[in-house]
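Let me begin by presenting the structure, written as structure tokens, before commenting on it.
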Amino acid sequence: MELNAYLNRLKKKKVLVLGLGVSNRPLVRLLLEHGIDVTGCDRTPREKLDEEMLSLERMGAKLHLGDGYLENISGDIAFRTPGLHPDKPELCALRAAGTQITSEMEAFFGVCPCPIIGVTGSDGKTTTATLIAELLRHAGHHVWLGGNIGTPLLDKAEQMLETDKVVLELSSFQLMDLHHSCHIAVVTNLAPNHLDMHRDMDEYVSAKKNIFHYQGASDVLIVNHDNAITETFAAEARGTVKRFSRQERVENGVYFQDGAIRRGDDVILRQSDILIPGLHNVENYMAAILATEGLVTDEDVRAVAKSFGGVEHRIELVRVKDGVSFYNDSIASSPSRTIAGLRSFPQKVILIAGGYDKHIPYDVLGPEIAAHVKLLVCTGATGGKIAEAARASAGCPEILEIDDFYDAVRAAANRAERGDIVLLSPASAAFDKFKNFMVRGAEFKKTVMEL
């Protein structure tokens with residue numbers, strides 16, 4: 001269905017938009033521009049509304065605000081923000097009253113005119129999705145990159161052509177009640193994550209499966225052969241399955257051996273030609289190579305690898321001061337992500353870790369800290385848990401526990417000597433002290449630049 005046809009079907013309906021964050025603000029604007037009755041519901045109290053939300057009200061949106069923003073509302077259709085659990089009691093009540101619950105992402109899948117390549121997983125989603133887009137662009141394709149990466153695309157659908165390519169980063173929250181799947185679906189890896197939002201690990205894994213659950217025989221699923229959970233997805237796939245592996249040769253896919261990514265006996269890309277550090281980025285490249293097979297050449301892959309400097313907040317070099325290198329890996333909101341960051345460096349680092357508690361285990365982080373960290377600076381709500389995990393491992397380094405984030409950064413810098421690496425890789429979300437990981441990373445960079 002074309003976007004205009006979809007919007008015309010909403011013109012006589014009462015529409016609720018539940019949550020007025022990044023993904024839903026362009027949606028509200030789009031609906032208002034087409035003369036649709038919109039009520040925007042958000043927890044933010046009126047006195048804290050920003051100018052963009054006030055502008056939506058001036059355009060005609062009714063606003064239902066504050067702690068009771070989901071109470072006493074009714075409508076024909078409701079667009080759920082990704083962070084709102086579909087089974088939240090208020091949403092169940094709306095559903096029981098006859099309201100259709102959907103999302104910006106669900107609507108986009110229904111109107112997108114071109115093939116969609118989707119990426120999900122616990123770690124590596126953003127870098128892999130960005131790499132796929134970079135490879136496609138280098139090969140001359142017109143690409144739209146969006147989704148959980150921060151760019152909603154529904155309002156752009158009318159500009160898209162059938163020959164374009166869409167690359168989406170998809171979170172478990174976006175996938176939970178999605179009734180569409182991607183033409184090419186990539187699952188980078190899976191490990192415990194977001195258990196503060198999901199009921200349990202089973203619900204988290206089940207949400208991820210929706211990226212391929214509705215595929216057909218002509219579609220493609222790409223999985224990490226080395227990850228025990230993602231490898232089980234292959235048996236449920238309806239289309240072609242391709243695998244990537246760092247640990248062993250795979251036939252229908254690519255693998256890493258003797259310092260190179262290979263397809264069969266042919267070398268596609270050597271690790272020494274990849275600008276961004278770490279074996280986890282070798283995995284990201286393998287996933288991106290499979291997602292773009294037949295659409296780009298190996299020469300495109302090599303050219304991008306030599307020039308692509310990575311995505312902000314992902315092992316990002318901030319500055320070198322007095323011989324000390326400061327790296328921002330604020331995106332690392334889980335132990336597995338921090339482990340990948342630690343393994344990216346050839347020497348032991350000064351690690352700053354801790355943040356919001358997502359109720360995930362930290363025991364796996366302890367041995368990695370012992371092996372890769374010379375000084376551990378713990379901060380935030382999970383600082384104590386991370387310190388406890390480190391102390392339980394033989395070879396535990398010195399630990400500083402400093403609750404204030406800025407003091408923790410300055411303490412790490414003060415203890416660093418020429419040749420050291422100071423790495424912010426929190427293994428935790430940012431919400432205990434910051435709006436999101438991007439704000440946390442920006443504050444880290446600001447503090448480092450002020451040293």
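Could you look through the stretch 358-391, keep only residues that are surrounded by fewer than 19 Cβ atoms within 10 Å (Cβ to Cβ) and in contact (Cβ under 8 Å) with a residue 60 or more places away in the chain, and pick out the one that is nearest to Phe437 (Cα to Cα)? Taking the candidates together, the pick is His359. Candidates in the stretch 114-152 are the residues that are of a type in the set (Ser, Thr, Tyr) and touching a residue at least 12 places away in the same chain (Cβ under 8 Å); of these, the one that is nearest to Phe437 (Cα to Cα) is Thr126. Anything in the stretch 316-343 that is in contact with a strand residue (DSSP E or B) (Cβ under 6 Å, 6 or more places away or on another chain), open to solvent by 20 Å² or more (accessible area, probe 1.4 Å) and under 18 Å from Ala430 (Cβ atoms)? List them, or say none. Result: Glu316, Val318, Tyr327, Ser333. Determine if the stretch 291-302 includes at least one residue that is under 30 Å from Ala411 (Cα atoms) and open to solvent by 60 Å² or more (accessible area, probe 1.4 Å). No, the conditions are met nowhere in the stretch 291-302.
Restricting the search to strands (runs of 3 or more DSSP E) fully inside the stretch 37-113 and requiring at least 1 residues that are small (Gly, Ala, Ser), touching a residue at least 40 places away in the same chain (Cβ under 8 Å) and surrounded by 20 or more Cβ atoms within 10 Å (Cβ to Cβ) gives 77-80. Ala390 meets the stated requirement of being hydrophobic (A, V, I, L, M, F, W, C) and touching a Pro at 6+ places or on another chain (Cβ under 9 Å). Residues that are surrounded by 14 or more Cβ atoms within 10 Å (Cβ to Cβ) and either not in a helix (DSSP H, G or I) or not basic (Lys, Arg) (or both) within the stretch 22-33 comprise Val22, Ser23, Asn24, Pro26, Leu27, Val28, Leu30, Leu31, Leu32, listed in sequence order.
Annotation note: Cβ proximity below 7 Å between a residue of the stretch 270-284 that is over 11 Å from Thr127 (Cβ atoms) and a residue that is part of a helix (DSSP H, G or I) and of a type in the set (Gly, Ala, Ser) (sequence gap 6+ or interchain) occurs for Asp273/Ala305; Ile274/Ala305; Leu275/Ala305; Leu275/Ser307. Looking only at the stretch 268-280, decide whether some residue is β-branched (Val, Ile, Thr), under 20 Å from Val143 (Cβ atoms) and in contact with a Leu (Cβ under 6 Å, 6 or more places away or on another chain). No, the conditions are met nowhere in the stretch 268-280.
You will find that of Leu295, Leu269, Leu290, Leu275, the residue that is in contact with a His (Cβ under 8 Å, 6 or more places away or on another chain) and either under 22 Å from Ala191 (Cα atoms) or hydrophobic (A, V, I, L, M, F, W, C) (or both) is Leu295 and no other. If you go through the stretch 344-354 and pick out every residue that is under 24 Å from Ala387 (Cβ atoms) and open to solvent by 30 Å² or more (accessible area, probe 1.4 Å), you end up with 2.
Let's see how each residue does on (1) among the hydrophobic types (A, V, I, L, M, F, W, C); (2) closer than 18 Å to Ala288 by Cα; (3) touching a residue at least 12 places away in the same chain (Cβ under 8 Å):
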{"position": "Asp164", "(1), (2), (3)": "no, yes, yes"}
{"position": "Leu168", "(1), (2), (3)": "yes, yes, yes"}
{"position": "Ser171", "(1), (2), (3)": "no, yes, yes"}
{"position": "Met197", "(1), (2), (3)": "yes, no, yes"}
{"position": "Asn224", "(1), (2), (3)": "no, yes, yes"}
{"position": "Ser245", "(1), (2), (3)": "no, yes, yes"}
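Within the stretch 422-451, being in contact with a Phe, Trp or Tyr (Cβ under 6 Å, 6 or more places away or on another chain) and under 17 Å from Ile350 (Cβ atoms) holds for Val422, Leu423, Leu424, Thr447, Val448. Applying the condition of being in contact with a Phe, Trp or Tyr (Cβ under 7 Å, 6 or more places away or on another chain) and farther than 24 Å from Glu316 by Cα to the stretch 260-290 and asking which residue is least open to solvent (accessible area, probe 1.4 Å) yields Leu290.
The values are calculated or read from the model by the stated rules, or taken from the named source; none is laboratory data. Here the structure is a predicted model, which means the values were calculated and not measured. Please note: Cβ atoms are built from the backbone with ideal geometry, for glycine as well, and neighbour counts cover all protein chains shown. Remember, those area values only see protein heavy atoms, side chains included, never the ligands or the DNA or RNA. Shrake-Rupley method; radii C 1.70, N 1.55, O 1.52, S 1.80 Å.
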